[in-house]
1. Which one of these does R54 not meet: (1) touching a residue at least 24 places away in the same chain (Cβ under 8 Å); (2) more than 27 Å from Q157 (Cβ to Cβ)?
2. Considering only segment 85-97, state which residues are open to solvent by 60 Å² or more (accessible area, probe 1.4 Å) and farther than 14 Å from G148 by Cα.
3. Which is in a helix (DSSP H, G or I), among the hydroxyl-bearing types (S, T, Y) and closer than 23 Å to V69 by Cβ, of Y108, Y84, Y117, Y130?
4. Would you please list the contacts, defined by Cβ atoms under 8 Å and residues six or more apart or on different chains, that run from a residue in segment 67-88 that is farther than 17 Å from C153 by Cα to a residue that is surrounded by 14 or more Cβ atoms within 10 Å (Cβ to Cβ) and at pLDDT 90 or above?
5. Of the numbered conditions (1) surrounded by 12 or more Cβ atoms within 10 Å (Cβ to Cβ); (2) in contact (Cβ under 8 Å) with a residue 60 or more places away in the chain, Y108 satisfies every one except a single condition; which is it?
6. With surrounded by 10 or more Cβ atoms within 10 Å (Cβ to Cβ), at negative phi and assigned to a loop (DSSP other than H, G, I, E, B) as the only criterion, which of V69, V39, V65 stands out?
7. Would you check if there is a residue in segment 10-25 being open to solvent by less than 100 Å² (accessible area, probe 1.4 Å), part of a helix (DSSP H, G or I), at pLDDT 80 or above and not hydrophobic (A, V, I, L, M, F, W, C)?
8. Of the residues in segment 137-173, how many are touching a residue at least 24 places away in the same chain (Cβ under 8 Å) and part of a helix (DSSP H, G or I)?
Amino acid sequence: MPVDRDVYPKPPTKTPIWENLSGLPNPNDYIQKAFMYAVDWPVTALHDWIERQRSKRKIYYYHRVFRRVPDLSQCLEDDLFCQYEAEMQWKRDRKVDNEILKIMRERYSACLNIEGYNSAHNCAHVKEQYAEASRGHKARYEYLGANGNARKCLLKQKERMIEERKAAKAAQT
């Protein structure tokens, strides 16, 4: 049975073949070996050693779990460290809430795009979830501005609770 190489011979190359006509060795070989032993081999060995060390204890940066700290309302007035931790906790919570709202918005827009004409009926539950999450986010973070912090948010929550108590008292009488 003939092999493809026999049936279809390789066309001759147009690149000239370099022949060492002098008896001297090629200096490029020595330069490449010197580079390999002086630079490439040590760097590769160091890299492999570091990778072996890192593989023993893997760090999953996206699974970092922060411990919950007391709320700002539970901190003492002169406890600055507690206030700072509460502020950082509030900022993390705000970022998480923003991401949750963003995901729900993306789900709702994806449902609208997928369903097309039937989106009013088929996406009603997704729209209701998004509206509820949006109302909660608005109640907590609206009008805080770019410089919003845990103290302003706490004062806003306090004002909202006072208004709810007044409305409940007015409803009873």
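1. (1)
2. E85, V96 - these are the residues of segment 85-97 that are open to solvent by 60 Å² or more (accessible area, probe 1.4 Å) and farther than 14 Å from G148 by Cα.
3. Being in a helix (DSSP H, G or I), among the hydroxyl-bearing types (S, T, Y) and closer than 23 Å to V69 by Cβ holds for just one of Y108, Y84, Y117, Y130, which is Y84.
4. Note: pairs meeting the criteria are R68/Q89; L76/C82.
5. (2) is the only condition that Y108 fails.
6. It is V69.
7. no
8. Result for segment 137-173: 7.
The values are calculated or read from the model by the stated rules, or taken from the named source; none is laboratory data. What you are looking at is a predicted structure, and each value in this text was computed from that prediction instead of being measured. Here Cβ is always computed from backbone atoms with ideal geometry, including for glycine, and neighbour counts include all displayed protein chains. The protein model used for the area step is the full one, side chains on, heavy atoms only, and it has no ligands, DNA or RNA in it. Shrake-Rupley method; radii C 1.70, N 1.55, O 1.52, S 1.80 Å.
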